[in-house]
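Below is one structure, written out as structure tokens, with a few remarks after it.
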Amino acid sequence: MALWGARFTEQPADAVFALSRSVGFDWRLAPYDLRSSLAHLAVLEKSSLISKEDSVKIREALKELIDEVASQKFLPIEEDEDVHSALERGLTSKLGLLGGALRAGRSRNDQVTTDLRLFAIDHMLSLATLLTELTEIILKKASQYVDDPAPGFTHIQHAQPISFGHEIAKHAHAFTRDVTRINDWYQRASVSPLGAGALSGSSLPLDPEFTATNLGFVKTFENSIDAVSDRDYVAEALFIISLIGIHLSRIGEEWTLLGSTEFSWAKIADQYSTGSSIMPQKKNPDMAELARGKSARLIGNLMSVLAMLKGLPFAYNRDLQEDKEPLFDSLDTLFLVIPAVSGMIATTEFDREKMKLSAPTGFSLATEIADYLVRKNVPFSQAHEAAGACVAMCEKLDIELHQLSDEQFSSIHLSLDSSIREVLTVQGAIASRTTAGGTAPTEVKKQIAAALKKTLLQRTEIANKSKAFSEMMRS
Ligand code: ARG
């Protein structure tokens with residue numbers, strides 16, 4: 001059903017309708033569109049622009065439509081241009097001409113961005129909930145490996161030995177920040193555009209504050225032109241989603257690498273692995289690879305919205321219709337990826353023995369020698385050089401650091417006496433890193449406990465917002 005056309009003498013060409021038509025993808029805004037129509041109806045009634053009697057009829061029809069949309073009894077048809085026109089067809093079929101009454105004081109320009117904001121808030125809150133679950137899974141896995149040493153890497157080269165629990169736990173902190181980002185985003189995104197009309201506000205006695213409160217928004221728009229053209233909330237959501245995707249991709253890369261035949265540290269459960277159609281022996285980490293690969297489209301979706309917004313002039317332009325699919329696709333993607341990654345992490349076992357044996361190799365204790373000398377008041381530059389000389393000697397003799405003799409140590413630096421052996425152990429090196437956030441198991445335990453506490457707080461905060469949102473949707 002067309003919402004416009006009176007000033008035209010000819011019907012739009014088929015190609016025009018085909019290109020304009022968005023109901024194929026914007027239909028998922030229907031529940032939010034109906035709920036915002038209830039809010040708009042309330043304000044029209046409050047301002048006596050619709051009689052009490054008519055308002056009751058329209059409200060009933062809207063409520064019926066809400067149920068019919070949910071049960072898929074009411075669906076868009078070929079002739080519908082977008083979600084708004086489809087729903088107005090539904091209302092008119094129930095109410096006759098009265099079905100068009102809600103268009104007073106409202107344009108699709110303020111309507112569509114109200115719907116999309118509600119959709120985005122709803123889904124970003126669900127995303128935050130999923131992230132807190134993932135964070136808990138990571139921290140639980142981390143706590144199982146706190147006392148297991150492993151080589152820590154920089155440049156994928158052995159750097160210093162670490163607690164493997166510390167290594168796993170690091171991923172949780174990235175997602176905790178992402179949840180904080182969603183909370184911050186919520187404060188900026190929760191702005192009601194309703195009442196902005198096509199662009200300039202309304203000559204009717206509407207009450208944007210009233211509709212904002214009715215829809216549970218934190219605040220209402222301050223500039224009606226900005227209200228209909230602002231899509232910062234979409235771009236910001238897509239950035240947060242991209243960053244989450246990037247965090248997931250880094251897990252994907254690590255799991256793939258650590259599960260490789262050469263490493264053989266990670267044993268990904270059968271349930272979260274896939275096979276090969278030709279090589280019967282294969283067990284592939286496809287979930288980890290998809291976590292890595294899917295981040296590409298998330299970044300692509302962000303770029304497409306930023307490019308669409310770039311240079312866009314004055315208030316509403318039809319270009320803005322391109323804001324929806326990237327957001328839908330990015331959210332859908334994460335809702336597929338996160339449960340698979342969560343399951344994969346929860347069921348992965350790491351080879352403790354292998355990691356432990358590997359921990360001191362690659363001269364990963366060389367920093368201990370330098371720190372030992374610093375404690376003996378040797379300036380760090382000199383200490384660094386002496387430790388480097390120890391490594392060079394080992395490389396020449398094809399031995400590990402602890403295999404150097406007392407004489408060899410003291411030939412390199414006089415302060416390197418036999419007590420150097422006390423620090424040349426993996427356990428000792430790890431246990432000595434007791435600065436806050438460091439790799440000493442005592443610290444890692446504190447870190448995990450604090451992170452779990454923070455996650456619990458975030459979970460409660462998000463649950464409260466989600467509860468308020470679903471209550472608003474049902475009201
Ligand atoms: N389907 C349109 C969109 O998504 C709705 C707004 C149409 N407004 C207009 N002035 N043509 O942006």
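Since every read-out is calculated from the coordinates, none of them should be taken as a lab result. Since the model is a prediction, treat every value here as computed from it, not as a measurement. When we count neighbours, we look across all protein chains shown, and the Cβ atoms used for this are built from the backbone with ideal geometry, even at glycine.
Using a simple charge model, +1 on the beta-carbon of Lys and Arg, -1 on the beta-carbon of Asp and Glu, nothing else, what dipole does the chain show about its Cα centre, in debye to the nearest 20?
Details: 50 positive and 62 negative charges, 177 e Å.
Here the size comes out at about 860 debye.
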If you take the charge dipole of the chain about its Cα centre, with +1 on Lys and Arg Cβ and -1 on Asp and Glu Cβ, which of LEU257, ILE420, PRO205 is farthest toward its positive end? PRO205
Tell me, GLU10, GLU64 in order of fewest to most beta-carbon neighbours within 10 Å? GLU10, GLU64
Tell me, what HN-Hα J-couplings in whole Hz come from the Karplus equation 6.51 cos²θ - 1.76 cosθ + 1.60 at θ = phi - 60° for each residue of segment 13-29, using x for Gly and Pro? 5, 4, 5, 5, 5, 4, 6, 6, 4, 10, 5, x, 10, 8, 4, 6, 7
P(r) of segment 16-126 over all Cα-Cα pairs, binned every 10 Å from zero, in whole percent: 14, 47, 32, 7
Can you return the lysines within cross-link range of LYS52? Criterion is Cα-Cα under 17 Å, with same-chain partners fewer than 8 residues away left out. LYS63
Determine ³J(HN,Hα), in whole Hz, for all residues of segment 188-202 in sequence, where each value follows from phi through the Karplus function 6.51 cos²θ - 1.76 cosθ + 1.60 and θ = phi - 60°; x replaces Gly and Pro. 7, 7, 7, 10, 7, x, 5, x, 6, x, 5, 6, 10, x, 9
Between ASP67 and LYS219, the two model label points (7 Å from Cα along the beta-carbon direction) sit apart by a distance in nm of 4.0
Return the long-range amide H neighbours of ALA159 (sequence gap of 5 or more, or a different chain), with a cut-off of under 5 Å between placed amide H atoms. GLY152, PHE153, THR154
Pull up all non-local amide H partners of VAL146: gap of 5 or more, or a different chain, and H-to-H distance under 5 Å with H placed in the peptide plane. GLY165
What would the Debye formula give as log10 I(q)/I(0) at q = 0.09, 0.10, 0.18 Å⁻¹ for the alpha-carbon point model of segment 326-475, no solvent? -0.54, -0.61, -1.12
What is the fewest-to-most order of LEU290, LEU357, LEU397, LEU334 by other Cβ atoms lying within 10 Å of their Cβ? LEU397, LEU357, LEU290, LEU334
Provide, in order from the shortest bin, the percent of all Cα-Cα pairs of segment 169-257 in each 5 Å bin, continuing until the bin that contains the maximum pair distance. 3, 13, 18, 17, 13, 10, 8, 7, 5, 4, 2, 1, 0
Convex hull volume of segment 389-475 per residue (C-alpha atoms, cubic angstrom): 137
Listed by chain and number, the lysines with an alpha carbon less than 19 angstrom from that of LYS282, same-chain partners under 8 positions apart left out, are LYS267
Between ASP184 and GLN11, what is the FRET efficiency for a Förster distance of 35 Å, r being their Cβ-Cβ separation, to the nearest 0.05? 0.15
In terms of modelled amide H atoms, which long-range or inter-chain residues lie less than 5 Å from the amide H of THR220? SER192
The extension gain from GLN382 to ASN284, computed as 0.36 nm times the residue separation minus the Cα-Cα distance, is 30.5 nm
Run the dipole for segment 53-118 about the Cα centre, Lys and Arg Cβ at +1, Asp and Glu Cβ at -1, nothing else charged, and hand back the magnitude in debye, nearest 20. 240
Linear extension gain, LEU312 paired with LEU98, 0.36 nm per residue minus alpha-carbon span: 73.4 nm
Pairs of Cα atoms farther than 23 Å apart, segment 245-380, %: 57
Cα Rg over Rh - the chain, Kirkwood: 1.15
Along segment 400-407, Karplus-curve 3J(HN,Hα) (6.51, -1.76, 1.60; θ = phi - 60°) to the nearest Hz, with x for Gly and Pro, reads 8, 4, 5, 8, 5, 7, 4, 5
